[in-house]
Amino acid sequence: DQQVKQNSPSLSVQEGRISILNCDYTNSMFDYFLWYKKYPAEGPTFLISISSIKDKNEDGRFTVFLNKSAKHLSLHIVPSQPGDSAVYFCAASEGGTASKLTFGTGTRLQVTL
Amino acid sequence: EPEVTQTPSHQVTQMGQEVILRCVPISNHLYFYWYRQILGQKVEFLVSFYNNEISEKSEIFDDQFSVERPDGSNFTLKIRSTKLEDSAMYFCASSEWGTGLYGYTFGSGTRLTVV
């Protein structure tokens, strides 16, 4: 049951350019959407989130866009840096107390020099 | 910056043995979670814990699994009789607010290998 899908397993971007990572979901009950970054042998690190009542949230180089009608969100990283190379997971939550996160399968981002 | 600490980082166990994975959440956090990631697959929710009881558990979290907060700082996951398919990376997470909007802080994980 793939409620959160990341259809691109990998993405390669040149340093300084924009990285766009995409995520689709099927569950209309999701209230919050999050992006996590993960390096090998480490746990996921929270990057940015967005509430379903918004369509954009920005934090420094990271911007998340939400299109509820299309059930689609994206993470933009501008400008991309070599240190951004990692696996990026989209996750979603229905809200409520101790709400679980449902993760996508991840997109491996490689930022090249 | 506060972090979630997990021990051990690696655990190898024989099939049928009991294992206990340990976690020290961030001290002012109230919500605690266990997730796992089988190699090459996505991160999956196991269980959430709040106010000294399980809030929600997934289908994976069957009678072989249990969680405990034995004191004010530790949060443990016990697998009573391990199976080969329990081999995975297990992540503990904690949060101050349990809704998801502010993100959960994850530990670095325990790699469990069942042989």
Inset, instruction - Tell me, yes or no, whether the stretch B:97-115 has at least one residue that is on the phi > 0 side of the Ramachandran plot, in contact (Cβ under 8 Å) with a residue 12 or more places away in the chain, under 12 Å from the mean Cα position of the chain (by Cα) and within 14 Å of chain A (Cβ to nearest Cβ). - result: yes
Inset, instruction - Hey, could you check the stretch A:79-90 for residues that are out of contact with any Phe, Trp or Tyr (no Cβ under 7 Å at 6 or more places or on another chain) and closer than 20 Å to A:Pro9 by Cα and say which is surrounded by the most Cβ atoms within 10 Å (Cβ to Cβ)? - result: A:Ser80
Inset, instruction - With the checklist (1) closer than 20 Å to A:Ala92 by Cβ; (2) modelled with pLDDT of 95 or more; (3) among the hydrophobic types (A, V, I, L, M, F, W, C) in hand, flag the one item B:Leu21 doesn't pass. - result: (1)
Inset, instruction - Could you tell me which numbered condition A:Ser93 fails, if it satisfies all but one of (1) more than 14 Å from chain B (Cβ to nearest Cβ); (2) more than 12 Å from the chain's Cα centre (by Cα); (3) crowded, with 18+ Cβ neighbours inside 10 Å? - result: (1)
Inset, instruction - Tally the residues that are away from chain B (no Cβ under 11 Å) and either farther than 23 Å from B:Gly109 by Cβ or loosely packed, with under 13 Cβ neighbours inside 10 Å (or both), restricting the search to the stretch A:4-48. - result: 20
Legend entry - Elements of type strands (runs of 3 or more DSSP E) in the stretch A:9-101, at least 1 residues being within 21 Å of B:Tyr33 (Cα to Cα) and modelled with pLDDT of 95 or more: A:32-38, A:45-51, A:86-93
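The values are calculated or read from the model by the stated rules, or taken from the named source; none is laboratory data. Keep in mind that this is a model prediction, so the values were computed, not measured. Cβ sites come from the backbone with ideal geometry, for glycine too, and all protein chains shown count toward neighbours.
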